[in-house]
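Contents: one structure, followed by commentary.
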């Protein structure tokens, strides 16, 4: 499948958290439109399963086990990606976690884990890839944030803080590594991914947003395609809300 505006033939795209949820949907969308894809998450077998789907489309795929919150593993991911493909044209920082815990019960270990996966790791990965992009042919970095980074709610304060930092990071890195590197943010609302299995039936059916419901995972695709596309080369430092119209 190719689109006149979204043809990624010959491009190499790295998606963290790419084995399920929103990341999986983006991996499929990029591969269907010609991209070779690097799928990274903590479980190698899950990454390899998705990589096989990509290869079945006639694309190259690399599965890499990586805990994004650990810089040594992030650095390994970058090295093996460039060793295999020689380039990364698009980086999607999608891996994250959002445990709901009363603030007075948050342990130091949990706090560090949440910030590590949602901010510290994406910062290191983005910095390493952005530097190489800037020295090469440029590229696009897409950070998957959350409405929590804009309007925090109870029991997700460390997560909200990490996503707010991710939003700020996008602007700072875009200024630092532009004009060849564009950095943008997708602020995602509630989506019916694996995490929604723990929600009540009412939460899965309705939402306090303008469209009145949570999003389907595939509804993230077009925004990601746009920000990755060469037709969005005048878009950088942007934060695009894909949340059904949260007020």
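For segment 193-232, enumerate the residues that are under 20 Å from residue 179 (Cβ atoms) and modelled with pLDDT of 95 or more.
Of everything in segment 193-232, those that are under 20 Å from residue 179 (Cβ atoms) and modelled with pLDDT of 95 or more turn out to be 226, 227, 228, 229, 232.
Please state which one of 208, 188, 168 is more than 15 Å from the chain's Cα centre (by Cα) and closer than 30 Å to residue 109 by Cα.
Checking each option against the conditions leaves just 168.
Is there a residue being crowded, with 17+ Cβ neighbours inside 10 Å, modelled with pLDDT under 95, touching a strand residue (DSSP E or B) at 6+ places or on another chain (Cβ under 7 Å) and assigned to a helix (DSSP H, G or I) anywhere in segment 110-130?
Looking for residues that are crowded, with 17+ Cβ neighbours inside 10 Å, modelled with pLDDT under 95, touching a strand residue (DSSP E or B) at 6+ places or on another chain (Cβ under 7 Å) and assigned to a helix (DSSP H, G or I), one finds none in segment 110-130, hence no.
Return the total of residues in segment 135-155 being surrounded by fewer than 20 Cβ atoms within 10 Å (Cβ to Cβ), closer than 19 Å to residue 185 by Cβ and touching a residue at least 24 places away in the same chain (Cβ under 8 Å).
Total meeting the criteria: 3.
Please find, among 222, 185, 235, the residue that is under 18 Å from residue 13 (Cβ atoms) and assigned to a loop (DSSP other than H, G, I, E, B).
235
Taking segment 11-48 on its own, how many of its residues are without any contact (Cβ under 8 Å) to a residue 60 or more places away in the chain and touching a strand residue (DSSP E or B) at 6+ places or on another chain (Cβ under 8 Å)?
15
Considering only segment 215-234, state which residues are farther than 16 Å from residue 27 by Cα and either touching a helix residue (DSSP H, G or I) at 6+ places or on another chain (Cβ under 7 Å) or free of Cβ contacts under 8 Å to residues at least 12 places away in the same chain (or both).
Those that are farther than 16 Å from residue 27 by Cα and either touching a helix residue (DSSP H, G or I) at 6+ places or on another chain (Cβ under 7 Å) or free of Cβ contacts under 8 Å to residues at least 12 places away in the same chain (or both): 230, 232, 234.
If you go through segment 163-180, how many residues are in contact with a helix residue (DSSP H, G or I) (Cβ under 7 Å, 6 or more places away or on another chain) and assigned to a helix (DSSP H, G or I)?
Going through segment 163-180 one residue at a time, the tally reaches 8.
The values are calculated or read from the model by the stated rules, or taken from the named source; none is laboratory data. Predicted, not measured: the structure shown is a model, and the values here were computed from it. Every residue, glycine as well, gets a Cβ built from its backbone with ideal geometry; the counts of neighbours run over all protein chains shown.
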